[in-house]
1. Build a GNM of chain A with springs between Cα atoms under 10 Å: which of A:A47, A:A36, A:A156 gets the top mean-square fluctuation?
2. How large is the translational diffusion coefficient of the range A:10-143 in µm² per second when you combine the Kirkwood radius over alpha carbon pairs with Stokes-Einstein at 10 °C and 1.306 mPa s?
3. Once you have the alpha carbon radius of gyration of the range A:1-65, what is it after dividing by 2.2 N^0.38 Å, with N set to its residue count?
4. Output the antiparallel fraction of DSSP beta bridges having both residues in the range A:1-105, as a percent to the nearest 5.
5. For chain A, with a Gaussian network of springs between Cα atoms less than 10 Å apart, report the residue from A:Q126, A:Q160, A:Q139 with the top mean-square fluctuation.
6. Per residue of A:126-133, what is the mean number of Cβ atoms on other protein chains within 10 angstrom of that residue's Cβ?
7. How high is the relative contact order of the range B:162-228? Use alpha-carbon pairs under 8 Å, at least six apart in sequence, and give a whole percent.
8. Could you report the protein assembly as shown's accessible area per residue, 1.4 Å probe, as an integer in Å²?
2 protein chains.
Amino acid sequence: MRTMGLNRLDLVAPERFPHREADAMAAGADDVLAGARIFDTLAAAVADCRWVMGCTARRRSVAMDEYPPDAAARRILGATAQGPAALVFGRERTGLSNEELMLCHAAVHIPSVEDFSSLNLAAAVQVLAWELRRESLAQVQEDAPAPGPVPDEPPASAAQMEGLFEHLAQTLDDIDFHKGRAPDRVMRRLRQLLLRAQPDQREVRVLRGIFSDAQRMARLARGPGSAE
Amino acid sequence: MRTMGLNRLDLVAPERFPHREADAMAAGADDVLAGARIFDTLAAAVADCRWVMGCTARRRSVAMDEYPPDAAARRILGATAQGPAALVFGRERTGLSNEELMLCHAAVHIPSVEDFSSLNLAAAVQVLAWELRRESLAQVQEDAPAPGPVPDEPPASAAQMEGLFEHLAQTLDDIDFHKGRAPDRVMRRLRQLLLRAQPDQREVRVLRGIFSDAQRMARLARGPGSAE
C-alpha cells in the first residue's frame, strides 16, 4: 500500500499487534505500521468515513451495489473530496462477514477466473491499491496537457526520412543487392519497415553512417579504377 | 497468476525447482507449477515469442519504449493474436539486468510513489496479471472489433530477431563501422530501432540479404588475399 501512495492503515481487533513479523515484512514502510490505528470493531474504525467499500471474493446474497476495482477506485477517489473514505478487507480465509459488509456503502469484487477465484488477501490489497494509484494518476494526467516523457532526441522529419530512403536506395545499388530484381518492391518494404520504427534523428544519423561505410566498401571492392 | 487466468509459467535458471515451499504457496494452482518449463537462459525462454515485455522498477539509461501497466496489457493482448507473448520479471532484489532487458521489445514500469518505489516481485506480478485480466475482460465487453488485419507474413520470432542482430553486428564489424568506438552502444540503439519496427519474417530475410551483400563487398574490398 505504501508503494501505491496509501499511508493510513486501520486494524480491527488484530490477533497480534505490533508483531515483529509484520515489522520485518514492512520492508521500510515502518511509518505505516507505526501510525496504524487499532479499533475493537469495524463500526468504530469507519465511524468518521463518508464512503466505505468492502472487498468481497464472492457475490453476496445481500442486495448491495458491487463495483469492479477500477470503478470502485474512481468512486473512492471521488468520495475523498468530501471526507475520509475506507476500503475494507476481511480475514485471509473467511473474508468479511455479512454483518461487516452491511457497514459498507457498496462492495468491490475483483473478477478472478471462475474456476480459481481464491485471491489471497495481500493480492487483493495490491490490486485495489494499484487501482487507486492508477486512477489517481489518470486524473492528474487528464488535468495536465502534456503527458508522456519528453524524448531526448526529436523524431526524424519526413524530409529526413526521404533523405534516408534515397541514401538506402543508392547503397543497395552500390552493393549490388538487386541483382536484376525490381528495386521498387523491396524499397517499398524497407520504407514501411523504417517508417513503422519511427526513428529519431540520431538513429537516422547512425543508419546513414552504416550506409556510407557499406558504400565505401563497395567502392573499394570495385578498385581504384572504377570511379563511376 | 492463476486467479487472473494466466497458466503458462516459464522459469529461467531457478535456484531450486521444484521446491516444497513453492508447492505449499501455490495453494491449489499446482497445475501451473507442474507445467512450468525450465530454461537455462532468458533468450531460450522467449525464443518462440513474438512480443516480449520486461518489467522494470526504474527508468533505464537504455533507449527503449516504456509502457505503464494498462497500456502494456493492451499491447500484450494485441500481440497474442499473432503468436506467444511474454511478460518477463527479474530477480526479487536486482530485477532484470540490462542484457536481459535488451531481449525485450519494450519495458513495463509500474508507477509507484517516488519516495517508496520498492514494489516486491509478487506485488508486481499481481499488478500486471490483474491488468491483463482487466483489459481482457474490457475487450470482451467491447465485443472485440477483430484484432487488426491478419498479416500475410508471420512476424519474426525472438530467435529470428537475435539472428538478425548477430548478423548486423558482424556486418558492422566487416564494413569497419565502429572505427574504435564502443560497439555496444550503437548495437543497443539498433536493436531497439528494429524491435520497435517488429519486422515480419520476409523483412528479416530482406535485411539479412542486404547485410550479406555488404559483407561480400567488404570481403572484396579487402582483396582476395585476406580470407579472415
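The values are calculated or read from the model by the stated rules, or taken from the named source; none is laboratory data. Fair warning: this is a prediction, and the values are worked out from it, not measured in the lab. Positions of Cβ are backbone-derived with ideal geometry, glycine not excepted, and every protein chain shown enters the neighbour counts. Note: areas computed on protein heavy atoms with side chains; ligands, DNA, RNA excluded. Shrake-Rupley method; radii C 1.70, N 1.55, O 1.52, S 1.80 Å.
1. Ranking A:A47, A:A36, A:A156 by mean-square fluctuation puts A:A156 first.
2. Values: Rh = 15.9 Å.
D, rounded to a whole number, is 100 µm²/s.
3. Values: Rg = 14.3 Å, N = 65, 2.2 N^0.38 = 10.7 Å.
Ratio of Rg to 2.2 N^0.38 Å for the range A:1-65: 1.33.
4. Numbers: 1 of 8 bridges.
Of those bridges, close to 10 percent are antiparallel.
5. Evaluated over chain A, the most mobile residue of the options is A:Q160.
6. Numbers: counts 9, 10, 1, 3, 12, 4, 0, 6.
So the per-residue partner count for this stretch is 6.
7. Values: 22 pairs, mean separation 35.5, N = 67.
Normalised by residue count, the contact order of the range B:162-228 is 53 percent.
8. Numbers: 25030 Å² over 456 residues.
Value returned for the protein assembly as shown: 55 Å² of accessible area per residue.
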